[in-house]
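A.B. asks: The structure that follows is given in the form of structure tokens.
The values are calculated or read from the model by the stated rules, or taken from the named source; none is laboratory data. These numbers come from a predicted model, not from an experiment. Counting neighbours? That spans all protein chains shown, and the Cβs are built from the backbone with ideal geometry, glycine included. Note: areas computed on protein heavy atoms with side chains; ligands, DNA, RNA excluded. Shrake-Rupley method; radii C 1.70, N 1.55, O 1.52, S 1.80 Å.
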Amino acid sequence: MAASTVETAVAEGGAYEVIRARLESQGQTLAGKAQQLNEARLELFGGTELALVASTRIRTENNCVPRDIVQVGGLLLFGYNVHIGLRTETRVADVFSLQRLSDTAEGVEIRAVPLAGTFLDDPGFKRDFQELYQYYRESSLAHLRVLKGKLLACFNTGRGRDSVKVFRWGIQRDGT
């Protein structure tokens, strides 16, 4: 009986329309179940709406390729890669900048913060950073992450997947 019903439907409407109608029906059922699941998740765990509040530009000393940005202690750490050209050494300021975000009457403003006196000015970090770019000529910033009370700066040091170096800093509860 089911076979004759299908054959009749195919003869009357064509196979494409039958398959399309079935898929649309299943899609609506699936969308309804996903909506119910999402509502149950929001009721159980709560949720927040993500929305773009403002848009602004970060200015750097050199032309750069942005890689990542994270918030650390009330500042934004902006990481990028630059092609230095004829210079023989890459400085910390050629890869990282600290920015302060503030609201103004015109909107959101972002201003560079000097690196002097910050965690990026630490002599041990600066030495390790110089060694990274000196010994691994293909070094480039891959990404920045804040994870379990640590700030991680991950660098690719070569073409291989395992060619990675990571700098990490501990973040105190107050953000320092």
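A.B. asks: How high is the relative contact order of the chain? Use alpha-carbon pairs under 8 Å, at least six apart in sequence, and give a whole percent.
C.D. replies: It comes to 14 percent, rounded to a whole number.
A.B. asks: As a test of the formula, what do you get for the chain when each DSSP H run with n ≥ 4 contributes -39,500 (n - 2.57) and the sum is divided by the residue count, at 222 nm and rounded to the nearest 500 deg cm²/dmol?
C.D. replies: That calculation yields -11000 deg cm²/dmol at 222 nm.
A.B. asks: Here's something else I'd like to know. Only Cα pairs within less than 10 Å get springs; with that Gaussian network setup on the chain, which residue of ARG67, ARG145, ARG87 has the largest fluctuation?
C.D. replies: ARG87
A.B. asks: Ignoring ligands, DNA and RNA, please state the percent of accessible area on the range 76-176 from carbon and sulfur, probe 1.4 Å.
C.D. replies: That fraction is 49 percent.
A.B. asks: Please check which bits of the range 133-156 a label hung off ASP68 would reach, taking the label as a point 7 Å along Cα-to-C-beta and the cut-off as backbone N under 17 Å.
C.D. replies: Residues 139-156 qualify, since their backbone N sits under 17 Å from the label point.
A.B. asks: Could I have the simple spin-label model distance between PHE167 and LEU132, label points 7 Å from Cα toward Cβ, reported in nm to one decimal?
C.D. replies: Once both label points are built, they end up 0.5 nm from each other.
A.B. asks: Which value does Rg/Rh take for the range 1-147 over its C-alpha atoms, Rh per Kirkwood?
C.D. replies: For the range 1-147, the value is 1.32.
A.B. asks: Another question, then. Tell me the per residue accessible area of the range 37-160 using a 1.4 Å probe; a whole number in Å² is fine.
C.D. replies: 70 Å²
A.B. asks: Let me ask another. How much length is gained if the chain between THR48 and ARG145 is pulled fully straight, taking 0.36 nm per residue apart and subtracting their Cα-Cα distance, in nm to one decimal?
C.D. replies: Net length gain for the segment: 32.8 nm.
A.B. asks: Could I ask something else about it? Quick one: angle between helix 123-135 and the longest Cα principal axis of the chain, in degrees between 0 and 90, rounded to 10, please.
C.D. replies: On a 0 to 90 degree scale, this one is about 70.
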